[in-house]
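In what follows, a single structure is set out as C-alpha cells and then discussed.
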Amino acid sequence: MALSPPRPSQMPLNALRAFEAAGRHGSFLRAAEELSVTPGAIAQQIKKLEDWVGGPLFQRHAQGVSLTDLGMRALPHMTSAFDSLGLAAQELRREVGTATIRIAALPAIAQLWLSPRLSDLHRMLPDVDLSIHALDICPPLNRGAFDLSVYPSDLALQPQGQTRVLAQNALLPVAAPDLAKTISRPEDLQSASLLHDLAWRDDWETWLKAQMIDGVETARGPTHSLYSIAIERCIEGDGVLIGHSALIERPLRQGQLVAVFDNRSVPAAPICLAAPDATGGRLGEVIDAFCAAA
C-alpha cells in the first residue's frame, strides 16, 4: 500500500456558490450578474460540480434551465450554508470596526440619486468611507459582500433585515420643453419618438395601462442600457421618456425637462435602503445619515 495515497478532491466552493446563485435565481445569466462573472463561467462551474457530485443538478432547455429533483433537494441546504458563512464574515467586519461601508445600488440610483448626495453624506460621516458599487442585480446582504443596498422596493432582495424608504417614486412622461409643446393629447404620443431604458423596459406599457390609453405602439424608439443616457437624450429633445420622479428631480427643477401631461403620474416602487438586522455602531450612523440626506 502506498504511504501517501491520492487524496479525494476537495469540495469545490466556487462551484457550490455558482450552483446556489443559479438555483436561487433560476437562471445562469442572473447568477452571473450577481457574482460578477460570465454565464459561461457559471455553466462551467456547475458542470464541474455535477461531475464531482456524480449527477445532474440542472436540466438544460432552449428557454433556460431548471433544477432537477436532486438540485431542488440540495438548494435549501446550500442557501442556508452560504447565508451562515456570510453572516459570520459580517460579524468579523463589525468586530474590527472597519471604516469602509460597501453599498450596492442600482446604476440609475447610484448616478442620479446617490451621487448628488455624496457630499452631504461625507460631511455627516467624515470618518467613514462609502464605497458605492453599481449593480443591476440586488445582492443578498447576508452574504457578506455588501453592508447596505439601495434599490427600488420591487427589485430589492432582502428577505431578512430592515428596509427604510428613502424616496417616493412615480412614473410620468417627460420631454424637453420645445418637444412637450407639440404633445397635448395622449394620441400625440403615436407620432413621437419614445425613449426606453433597458432596466425599466416595461415603463411605457405600465403607464399607458394605468391611464387606460390604447393605440400607442410602444415597441418603437431607441433603448438605452443606462437610464442616465435616456434622460440625456430626452433633455436633448430626441424623444419622450417615462421619468422616474425620484431620479429626475434636478432636470425638472432646472426646467430641462417638463411633464408632458398634468396630473398623469402613476405610483411606482419607492427607493429603499436595505440593511441587516444588527445595525448598531458605525453602520447605524450611516443608515441615519442616508435617511437625513434623503
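The values are calculated or read from the model by the stated rules, or taken from the named source; none is laboratory data. Being a predicted model, the structure only gives us computed values, none of them experimental. Neighbour counts are summed over all protein chains in view; Cβ atoms, including those assigned to glycine, are modelled from backbone coordinates with ideal geometry. These accessible areas exclude ligands, DNA and RNA; they are computed on the full protein's heavy atoms, side chains included. Shrake-Rupley method; radii C 1.70, N 1.55, O 1.52, S 1.80 Å.
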With a 1.4 Å probe and all protein chains kept in place, how do T218, T206 rank by accessible area, largest first? T206, T218
Using label points projected 7 Å from each Cα along Cα→Cβ, tell me how many nm separate L226 and T79, to one decimal. 3.4 nm
Residues of segment 107-127 with amide nitrogen under 18 Å from the 7 Å Cα-to-Cβ point of R201? 107-108
Can you list the residues, at least 5 places off or on another chain, whose amide H is less than 5 Å from the amide H of Q162, using H built in the peptide plane? A275, D277
Percentage relative contact order, segment 192-294, counting C-alpha pairs under 8 Å, at least six apart: 29 percent
Step through the residues of segment 165-178 one at a time and calculate ³J(HN,Hα) from phi using the Karplus curve (6.51 cos²θ - 1.76 cosθ + 1.60, θ = phi - 60°), rounding each to whole Hz and writing x for Gly and Pro. 7, 9, 7, 6, 9, 8, 9, 7, x, 10, 7, 5, x, 5
Under the definition of Cα pairs under 8 Å and six or more residues apart, what whole-number percent is the relative contact order of the chain? 20 percent
Interchain or long-range residues, amide H under 5 Å from L67's placed H: Q59
Within a Cβ distance under 11 Å of P39, other residues only, what is the Lys/Arg minus Asp/Glu net charge? 0
T182: accessible area at probe 1.4 Å, nearest 10 Å²? 90 Å²
Anything in the chain that counts as a DSSP H helix reaching 30 Å or more along its axis (C-alpha) with Kyte-Doolittle mean of at least -1.0? List them, would you? 69-96
Under 5 Å, built H, 5+ apart or other chain: amide partners of D197: H224
With the crude spin-label approximation of a point 7 Å out along Cα→Cβ, what separation in nm comes out for V258 versus K48? 5.9 nm
Could you list the residues of segment 114-158 with an amide nitrogen less than 13 Å from a label point located 7 Å from the Cα of A292 in the Cα-to-C-beta direction? 120-128
Taking the dipole of the chain about the Cα centre (Lys, Arg +1; Asp, Glu -1; charges at Cβ), the one of G284, M78, L198 that reaches farthest to the positive side is M78
So if a site counts as exposed when it's one of the GluC sites (Glu not before Pro), its DSSP state isn't H, G, I, E or B, and it has at most 11 other Cβ atoms within 10 Å, what's the longest stretch of the chain without one? 1-216
Give, rounded to the nearest 20 debye, the magnitude of the charge dipole that the chain has about its Cα centre when Lys and Arg contribute +1 at Cβ and Asp and Glu contribute -1 at Cβ. 600 debye
With every protein chain left in place and a probe of 1.4 Å, what is the accessible surface of S153, to the nearest 10 Å²? 50 Å²
